[in-house]
Amino acid sequence: MLTKKTIREIEGATLKEGLGIVASLYPGKVCLSSSLGQEDQVITDAVFSNNIPIHIFTIDTGRLFNETYELLDRTVARYRQPVTIYFPAAADVEEFVVKNGINGFYESVDNRKACCHIRKVKPLNRALEGAKVWVTGLRAEQSSNRKKMDMIEWDDIRQLYKFNPLINWKYKDVLEYIKAYNVPYNSLHDKGFLSIGCAPCTRAIEPGEDARAGRWWWETSQKECGLHQTGVK
């Protein structure tokens, strides 16, 4: 387990330093789950540009925007480093579609969460098997739910540390980093899409709206898909 001293050291470090410390403490056991959002692209740049031994993967739900696939291509070409892609189990998707229809997630919150579980949560759990640290691009500013998160948390469900190095960053900090290091990002961000997920479940936000208001906009839920929910302390 990480000591309080080590956690304080990581919390007080720069992005590059923090990632380096975690990677050295758990060699070969640190993973970044990238949704290819701006925050994840910042961390990806820090990892690849500084040759930090952290494995980066993404999940192709099968319903992503074409712009997201284009960004994945540009990212791999830019850094010449692999990004592992995980897919949902075909049988799970087929069963959901047969039972609920191709867009059945619009019908109820339960249906939507079931779809997210099949297309995102189960592939994530598979990708994190054997990992000791899960790196994310979460920021406290993104939603009320994320304001309660710490930089380093223990995930009881997956039995690993969850490291959120950008938790205290403001959106302007993310944009400044992207500009300073010419980090590739999704062109949809320039069209009002701050948080980008599956195409049928994402819209651009209006001025003054919460950053995640465009996700599952037809719901009044907490705007989470289940990846960053319970079991963390």
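The values are calculated or read from the model by the stated rules, or taken from the named source; none is laboratory data. Predicted, not measured: the structure shown is a model, and the values here were computed from it. Glycine gets a Cβ as well: all are built from the backbone with ideal geometry, and neighbour counts include every protein chain shown.
If we keep just the residues of the range 143-157 that are at pLDDT below 95 and assigned to a loop (DSSP other than H, G, I, E, B), which is surrounded by the most Cβ atoms within 10 Å (Cβ to Cβ)?
Out of the qualifying residues, it is Ser143.
Take Val183 and tell me if it is under 30 Å from Pro27 (Cβ atoms) and either at pLDDT below 95 or touching a Cys at 6+ places or on another chain (Cβ under 7 Å) (or both). Write out each step before concluding.
On the way: under 30 Å from Pro27 (Cβ atoms): yes; either at pLDDT below 95 or touching a Cys at 6+ places or on another chain (Cβ under 7 Å) (or both): no.
Criteria not met by Val183.
Here is a yes/no grid of residues against (1) among the acidic types (Asp, Glu); (2) in contact (Cβ under 8 Å) with a residue 24 or more places away in the chain:
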| position | (1), (2) |
| --- | --- |
| Glu11 | yes, yes |
| Lys16 | no, yes |
| Ser24 | no, no |
| Ile52 | no, yes |
| Thr58 | no, yes |
| Pro88 | no, yes |
| Asp92 | yes, yes |
| Val98 | no, no |
| Val109 | no, yes |
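Looking at the range 166-202 only, could you name the residues that are in a loop (DSSP other than H, G, I, E, B) and aliphatic (A, V, I, L, M)?
Narrowing the range 166-202 to residues in a loop (DSSP other than H, G, I, E, B): 166-170, 182-186, 192-197.
Of everything in the range 166-202, those that are in a loop (DSSP other than H, G, I, E, B) and aliphatic (A, V, I, L, M) turn out to be Leu166, Ile167, Val183, Leu194, Ile196.
Does at least one position in the range 135-142 carry a residue that is modelled with pLDDT under 95, touching a helix residue (DSSP H, G or I) at 6+ places or on another chain (Cβ under 6 Å) and of a type in the set (Gly, Ala, Ser)?
yes
Within the range 61-82, does at least one residue satisfy the condition of being part of a strand (DSSP E or B), free of Cβ contacts under 8 Å to residues at least 40 places away in the same chain and not charged (D, E, K, R)? Show your work before the answer.
Step one: filter the range 61-82 for residues part of a strand (DSSP E or B), giving 64.
Keeping just the survivors that are free of Cβ contacts under 8 Å to residues at least 40 places away in the same chain gives none.
The answer is no; no qualifying residue exists.
Sort out which residues of the range 45-60 are in contact with a Leu (Cβ under 7 Å, 6 or more places away or on another chain), farther than 21 Å from Cys116 by Cβ and either among the polar types (S, T, N, Q) or assigned to a loop (DSSP other than H, G, I, E, B) (or both), and write them in order of number.
Selection gives Ile52, Ile54.
In the range 88-113, how many residues are surrounded by 13 or more Cβ atoms within 10 Å (Cβ to Cβ) and at positive phi?
Within the range 88-113, residues that are surrounded by 13 or more Cβ atoms within 10 Å (Cβ to Cβ) and at positive phi number 0.
Give me the residue from the range 201-216 that is in contact with a helix residue (DSSP H, G or I) (Cβ under 8 Å, 6 or more places away or on another chain) and without any contact (Cβ under 8 Å) to a residue 24 or more places away in the chain and, out of that set, surrounded by the fewest Cβ atoms within 10 Å (Cβ to Cβ).
Restricting to residues being in contact with a helix residue (DSSP H, G or I) (Cβ under 8 Å, 6 or more places away or on another chain) and without any contact (Cβ under 8 Å) to a residue 24 or more places away in the chain, the top hit is Ala204.
Asp40: at pLDDT 95 or above, among the acidic types (Asp, Glu), under 19 Å from Lys122 (Cβ atoms) and not in a loop (DSSP other than H, G, I, E, B), yes or no?
Considered against the rule, which asks whether it is at pLDDT 95 or above, among the acidic types (Asp, Glu), under 19 Å from Lys122 (Cβ atoms) and not in a loop (DSSP other than H, G, I, E, B), Asp40 comes out as no.
Determine if the range 9-32 includes at least one residue that is crowded, with 19+ Cβ neighbours inside 10 Å, within 21 Å of Ala211 (Cβ to Cβ) and within 15 Å of the chain's Cα centre (by Cα).
yes
In the range 61-87, what count of residues is obtained for those that are within 21 Å of Val121 (Cβ to Cβ) and surrounded by 14 or more Cβ atoms within 10 Å (Cβ to Cβ)?
Selection size over the range 61-87: 8.
Can you tell me how many residues in the range 163-200 are without any contact (Cβ under 8 Å) to a residue 60 or more places away in the chain, surrounded by fewer than 18 Cβ atoms within 10 Å (Cβ to Cβ) and either within 26 Å of Leu128 (Cβ to Cβ) or more than 17 Å from the chain's Cα centre (by Cα) (or both)?
Total meeting the criteria: 10.
Identify all residues within the range 26-44 that are touching a residue at least 40 places away in the same chain (Cβ under 8 Å) and farther than 19 Å from Glu176 by Cβ; write none if there are none.
Selection gives Tyr26, Lys29, Val30, Cys31, Leu32, Ser33, Ser34, Ser35, Leu36.
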